[in-house]
Every structure is written in structure tokens, then in C-alpha cells.
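The values are calculated or read from the model by the stated rules, or taken from the named source; none is laboratory data. What you see is a predicted model, and the numbers here were worked out from it, not measured in a lab. Don't worry about glycine lacking a Cβ; one is built from the backbone with ideal geometry, like all the others, and counts go over all protein chains shown. Remember, those area values only see protein heavy atoms, side chains included, never the ligands or the DNA or RNA. Shrake-Rupley method; radii C 1.70, N 1.55, O 1.52, S 1.80 Å.
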Amino acid sequence: MGTMLQTIVTVLLLLMLLLIILFLFFLFKPWRFFSSSRFLSSIKGELERPLVADEGDANASSFNATNELPRDYDLEGACYPSEVHFRSPRTHGQGLVHKQRLQNSASPNMPQAGDTLVVDVISDPSSEDVDVGQTLKLPAVHLAQIQKHSPANFQIDRLLDFVERDISDQRSCLTLEVISGPSCGLRYSVQSTNPSHLLLTLGRVSPSDLLIKDSEVSGKHAMIKWNLDKMKWELVDMGSLNGTLLNSKPINHRDTGSRNWGDPRNLTNGDIITLGTTSKVMVHITSQSQHHIPFGVGMASDPMALRRGGKKFPMEDVCYYQWPLPGLDQFGLFGICDGHGGDGAAKSASKLFPEIIASILLDALKREKVLSLCDASDILRDAFSQTEAHMNHYYEGCTATVLLVWTDGDEKFFAQCANVGDSSCIMSVNGKQIKMTEDHKITNSSERLRIEETGEPLKDGETRLYGINLARMLGDKFLKQQDSRFSSEPYISEVVHIDQASRAFAILASDGLWDVISVKKAIQLVLQMRERCYSERENTAEKTASLLLNEAKALRTKDNTSVIFLDFDTFNRFSCKVES
């Protein structure tokens, strides 16, 4: 009996001792020493200091908001991505170093000429995923260098300017082209330096950036983001119902139907994105690491495929521009071709014009003549002649409107236009409206007069020749063999001089725009956009091109519509080449 009592007492004492040990363990929390920042820093070295100090957190939050998608982003109102499954596409923690020379400043506190400020933007290499809202960090030594050369009231946006300007040297242009499905022909273009479009969405409902009217496409189907760490565009499925394919391989979350986001996948030039089963999007990626387009450029186009009684019809417009032309730093070309009978002629012309004009201007004597006389009439006339000669399209043709722009190297620009057909270009310089093209429809009085001079005048009331309402075009060689009244001789405008004070802009568009919008109305829309966005630091040319296109949609245009907008009032801004 005594032995049993002794055993029970011993067990109770041991239990009490165990409880005391557990109490002390939870009281002092020894595990915190193994996860503290001090312990980590002893292994990894001192952690980088945040880009902004505590008092600048509000600004930092604002900056992150423009680059990251909120955690409560609505997927058609169906669900919210959780922290477990949603990660910023900026992954794998690859370090990126940007080197930027500060511009010489009159302030004695700023670096003088020849001084170099090196800004290193480094993400934690030990982290495989960077959560949404993570602060961009700078090493402490470089932050101290910035503060040393800065006045006391140094603003965070000045530092962001330095970083953004340097990143612009690594810029990339993404163009998405819908090549099949109900929205075939739709295009969207964005550059990696546009801070308001570093995230863009593909979906069926507004405000998707690429709005695809396909019942198999989810309201918010997929997202594309510029990954600053890897300097690549990435595609993420946003929990779509029918999934997303990249080059025929699914990229949506492995739990089908879970509405969880997939992992980000790198995009490369020529990739095909499939949304649902019928809508396919081709990816065009171009890089401009050496040359800046010194004014704002925006492009927008839409086949308007449901405007003719619900019938689908193909996209036959082709927009293109290139700055600079190969081997010609002072020259750039902007153009629109509107095909009929197919898009083959339009595509051929859009590829030939930049090559032919560049080859002509590479002749030093011809180039110097353009620069000295400020006139490129002979160049443009020769380019149209050679382009027509190289085209072998007998049963289809196209309009062609090209705007050649060059600079004298002293912040002055010159623009001259040539065209055949009815794709038009207008300019506004110092508030003066300038029509840069001539309409070559058979109903036009000037064109009827030209035809009359051939010795075969049109009959009264005759508005078409062989079913075509244009008398000038490229291609259609069979018709030209049958009737000499058809021509490929271009109209060539006078040269327009542009300087920084002229507040000039140009609009190139196919007849789908001009059928429903007058020149006066188009200029009014541009001026309204300028007034609304005057204080914005970003290039608004893309917004303006989209505004003009959307206005044509609202007015129910019945033709393919393409717009290129050039904003010469936005000097030293950047845009990107759009592949045709």
C-alpha cells in the first residue's frame, strides 16, 4: 500500500514539473530567436533598407498600387483570390541593377556634371515569390548616397523618375492581336514603360484592356504583367472557367474549376494564347533598347465585326510605324493600308514601304537634299512607284497613307504625307487644321476631273468602276490592265514644320473613322483629351487613339477602323513599334 502511494506521488510531481516546463517554454518563446530579423541578418548580412522611409509609406503604397493588383480583385464577382494562391507575377527574386546618370542641376546639393548616381533595385534573392504590396528596396549605401546629394525636401517621385527613366532604356513593346474567334482582328498595344498599363487584363467584360466578345471567355479571364525583375512579359490565368492555353498547353490552376489563379508563364514573340476554344491571341514583342521615339504615338484598331447585321467580316486594315528607319536615326514612317478583296495587298504594302523608303534615303545625296530643302516629295513619289512595282496582287488592292517624319537634330520636326485611296491624315499645328491627304473616291470632284483628263470621263451618276468606289489604289493589277483610269499615282502634301511651341498632333485613320467622325469633331476630341490629361506625366497618345476608336464604335461605323495618333506636344516621350 505504501509503495503504491509513493508511486502516485512521484507521478504527480513529474506531471507538475512537466507543466511548469511547458509554462516557462511558452512564457519566454525561445523560437522567436530563430526567426527574428537579427538572427536572419547574422546569416544573410544586413537587410536592405526600404526605398522610402517610414514617413513616406503613403507614397510607397501609392506606387505599389499602380504596379500590383489588389488582393480583393474581383473575378466577375465570383470569388476573391487568397494569399495562398495569388502571387505577384514578379517572382524568383532575380536581382536587377539599373545605372542612371543624374542630369546636371543648378542646385548645389545635386551632383554636378560628370557625377554618377548608381541606383540598384534589388529584390531578395532568397525569396521565390514576392507578395503583393512588397516595397521596392534599395541597399542602404545607395540610399545614403541619394540623401547626401539631395535637398532636405527630396520627394519620392524624383527618385522614381530616376529609376523609371533608366528602366526606359530596357523597354519592351507588347502587341496582342486576336487571330481567330468572334473578335478576330482586334489589337492592343502597350509598352513596358507605361506605368498605368503594367497590368492588363484579357476578358469578356469591361474594363478589360483586350475586350473579347466570346461567350467562352470569362469576364476576367487572364492577366499579362511586365515583370520588372526578369524584364519579361508574363501571362497568368485568373481562375477562368474554360481555362487558358499557351502554345496549346494549359496554364490554369491544376485544380480545375477551383477558380484559383494559375502560375505566371513567360511570354515570347510569336506565342499563341487560346482563351476558351475559339479565341486565339498572337503575341508580338519588340524591343527598343537603343532608340527613343521623341514624341507620343498611339495605335488602336477594331474590325467592327458585328456592325453589318451581325455578319462577321475580316479585318483588312493594317497599321504600322517604325522609328527610326533602319540606318536613319533622323527619319521615321507611319502608315495605314486598308485592303479590299482581302488583306494580302495591305500586308505587302505595309512591309514594303519602310524597306523601300529606307533604301532610298540611305543614298547620301538624296538624304541631304531632303534635309536641306525640307521636302521629301521625290522620295515619297519614288517609294509609291517602287512599292506598286513590287506588288503582285492582281485581284485585290489597298489604300495607302504614309506620313514621313524627320528631325533636323535641333528639336524641330518635319512631316510630309502621301496617299492613294481614302485613308486620311490630318494635322493640327498652332491650332490650325491641315489636311494632309486627298480623297480618291470616284464621287470626289477632283478625282472625276482627273479621270476626265484621261479621255474617258465618267457617266453622270456613275459612282463605281468595276464595283470599286476608288480610282487610285495599290495592287488590283487586273483592273488596271482593263481600265487605264485606275492609278497608283499618289497625292503628296506640303511639308509641315513642327516645333515645341506648336502643340502639333496628327491623326491617321482608315475610312471607318472618317465615315462617322468629321475632321472638326476628331480635333475636338483630341483637345478634350489633352485638357483632361494635361497634368498626367504619362504618354496619353494611346488613350487618345482609343478615344477616337471608341467614338467611331459609339457612332456605329460599319467598316474596319484603325487609328494612329502622333502627339508632337509630348516631346521626349516613348512609344513602341507596332508589328503588322
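Annotations for the structure displayed:
- Computed over region 367-468, the quotient of the alpha carbon radius of gyration and 2.2 N^0.38 Å is 1.33.
- Largest accessible area first, the listed residues Asp209, Asp460, Asp317 line up as Asp460, Asp209, Asp317 when surface is computed with a 1.4 Å probe on the assembled protein chains.
- Sorted largest first by accessible area at a 1.4 angstrom probe radius, with every protein chain in place, the residues Glu456, Glu355 fall in the order Glu355, Glu456.
- Across region 317-420, counting alpha-carbon atoms alone, Rg and Dmax equal 13.7, 46 Å.
- Judged by the mean number of other Cβ atoms found within 10 Å, the most tightly packed of the peptides 511-523, 361-373, 466-478, 557-569 leads the ranking 557-569, 466-478, 511-523, 361-373.
- Over 28 Å between alpha carbons, listed pairs Lys280/Lys553; Lys480/Lys553; Lys347/Lys412; Lys412/Lys435: Lys480/Lys553; Lys347/Lys412
- Surface accessible to a 1.4 Å probe, Ile179 within the full protein complex, Å²: 70 Å²
- For His393, His292, the ranking by accessible surface with the largest value first comes to His292, His393, using a 1.4 Å probe.
- Backbone N under 15 Å from the Glu452 label point (7 Å along Cα→Cβ), restricted to region 487-511: none
- For Arg530, solvent-accessible area (1.4 Å; no DNA, RNA or ligand), Å²: 30 Å²
- Overall, the anisotropy analysis places region 487-557 in the oblate class: the square-rooted eigenvalues a ≥ b ≥ c of its C-alpha gyration tensor yield a/c not less than 1.5, with a/b not exceeding b/c.
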